[in-house]
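The values are calculated or read from the model by the stated rules, or taken from the named source; none is laboratory data. Values in this document were obtained by computation on a predicted structure and should not be read as measured data. Methodologically, a virtual Cβ is constructed for each residue, glycine included, from the backbone with ideal geometry; neighbour enumeration extends over all protein chains shown.
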Amino acid sequence: MNGVDEPDGGGWIDSHCHLQDTYRPDGVAVTAAVKQAVAAGVVGLVCVGTDGETSRQALSLVAAVRAGAGQGGIPATFGCWATVGLHPHDASKGVDTIEGVLSEARTEHPGVVVAVGECGLDYHYDHSPRSVQREAFAAQLALAARLDLTVVVHSRSAWDDTLDILRASQRPDRVVLHCFTGGPDEARRCLDLGAFLSFSGIVTFKGADDVRAAAALCPLDRLLVETDAPFLAPVPHRGQDNRPALVPVVGAAVAAVKNVSIPALAASSRLAARSAFVLA
């Protein structure tokens with residue numbers, strides 16, 4: 001079985017990580033990273049593509065993990081899925097560079113791809129012109145709607161435009177705001193659109209009071225946890241390469257904010273991930 005655990009089982013789902021060759025720290029094997037995660041109580045992960053190359057790597061990685069599940073320390077029930085998307089940093093490459101990957105995946109890797117993304121807007125770095133970012137974002141929303149896939153959204157320093165495009169564009173019903181960095185106002189606006197909010201290690205950072213306040217008001221059935229590995233390692237691991245094995249640290253911090261037990265947060269976030277990505 002390559003799906004996630006049963007709803008009443010225990011464990012965490014890392015809803016957003018990058019374990020591909022392009023991102024994985026030198027010398028760290030995929031199987032080692034997955035075994036570390038399993039030992040930490042992780043029962044599933046979503047490996048996220050950011051362009052054509054890393055999306056193909058995500059597909060291959062998931063296929064390899066699934067093939068090895070049930071042996072070598074990776075349980076047969078371990079869940080592993082991929083996304084295909086074009087990050088706003090790379091929007092200038094054109095959405096057509098990922099459309100072929102999606103088409104191939106539907107025939108060569110059935111059941112592996114659960115979302116389009118990460119896509120969205122990043123006005124902090126502006127690695128692609130803002131107009132190009134907006135066009136690529138809207139195009140990927142429409143692509144996800146056409147294929148009935150979830151969409152994973154990256155938004156940095158661009159809340160108004162992100163929300164305007166989400167409102168105005170053809171899009172799927174299932175939207176995940178990954179690595180949520182807004183405060184309560186942005187959280188309410190996203191929740192009003194029916195979106196899920198995914199919280200990363202930022203929730204542990206000293207200066208992230210607004211993010212913690214957003215987590216506090218987010219309903220448990222719309223709240224996911226993620227590592228965004230290898231980025232944003234949570235306290236007390238800041239400065240290290242992040243990894244899916246640290247998603248329980250993120251989850252524990254969110255549980256404290258929500259004033260719920262850690263097992264309860266693990267269960268609710270796991271079920272929210274199942275719902276957000278239609279995991280099977």
Exactly one of Ser60, Ser92, Ser55 is of a type in the set (S, T, N, Q), surrounded by fewer than 21 Cβ atoms within 10 Å (Cβ to Cβ) and either touching a strand residue (DSSP E or B) at 6+ places or on another chain (Cβ under 8 Å) or free of Cβ contacts under 8 Å to residues at least 40 places away in the same chain (or both), and that one is Ser60
Do we find that Leu86 is under 19 Å from the mean Cα position of the chain (by Cα), surrounded by 19 or more Cβ atoms within 10 Å (Cβ to Cβ), within 16 Å of Ala245 (Cα to Cα) and of a type outside the set (Val, Ile, Thr) in this structure?
no
List pairs: first in region 119-139 and small (Gly, Ala, Ser), second surrounded by fewer than 24 Cβ atoms within 10 Å (Cβ to Cβ), Cβ under 6 Å, 6+ apart or cross-chain?
Ser128/Ser92; Ala136/Val95; Ala138/Ile165; Ala138/Ser169; Ala139/Val95
Please state which one of Val65, Val101, Val116 is assigned to a helix (DSSP H, G or I), among the hydrophobic types (A, V, I, L, M, F, W, C) and under 16 Å from Gly52 (Cα atoms).
Val101
Region 130-163, residues that are surrounded by fewer than 18 Cβ atoms within 10 Å (Cβ to Cβ), over 15 Å from Ile98 (Cα atoms) and not hydrophobic (A, V, I, L, M, F, W, C)
Arg130, Ser131, Asp148, Arg156, Ser157, Asp160, Asp161
Select, from Val38, Val34, Val43, the only residue that is of a type outside the set (Phe, Trp, Tyr), assigned to a strand (DSSP E or B) and either within 30 Å of Ser92 (Cβ to Cβ) or at pLDDT 95 or above (or both).
Val43
Region 103-118 - residue that is over 23 Å from Arg270 (Cα atoms) and touching a Leu at 6+ places or on another chain (Cβ under 7 Å) and, of those, surrounded by the fewest Cβ atoms within 10 Å (Cβ to Cβ)
His109
Counting only residues that are of a type in the set (A, V, I, L, M) and over 16 Å from Phe277 (Cβ atoms), which one in region 164-205 is surrounded by the fewest Cβ atoms within 10 Å (Cβ to Cβ)?
Ala168
Restricting to region 142-167, what's the tally of residues that are more than 13 Å from Pro88 (Cβ to Cβ), in a helix (DSSP H, G or I) and touching a helix residue (DSSP H, G or I) at 6+ places or on another chain (Cβ under 8 Å)?
5
Which residues, taken from region 202-241, are under 16 Å from Gly182 (Cβ atoms) and in a helix (DSSP H, G or I)?
Ile202, Val203, Asp209, Asp210, Val211, Arg212, Ala213, Ala214, Ala215, Ala216, Leu217, Arg222
Scanning region 1-23 for residues that are of a type in the set (A, V, I, L, M), at pLDDT below 50 and within 24 Å of Thr54 (Cα to Cα) gives Val4
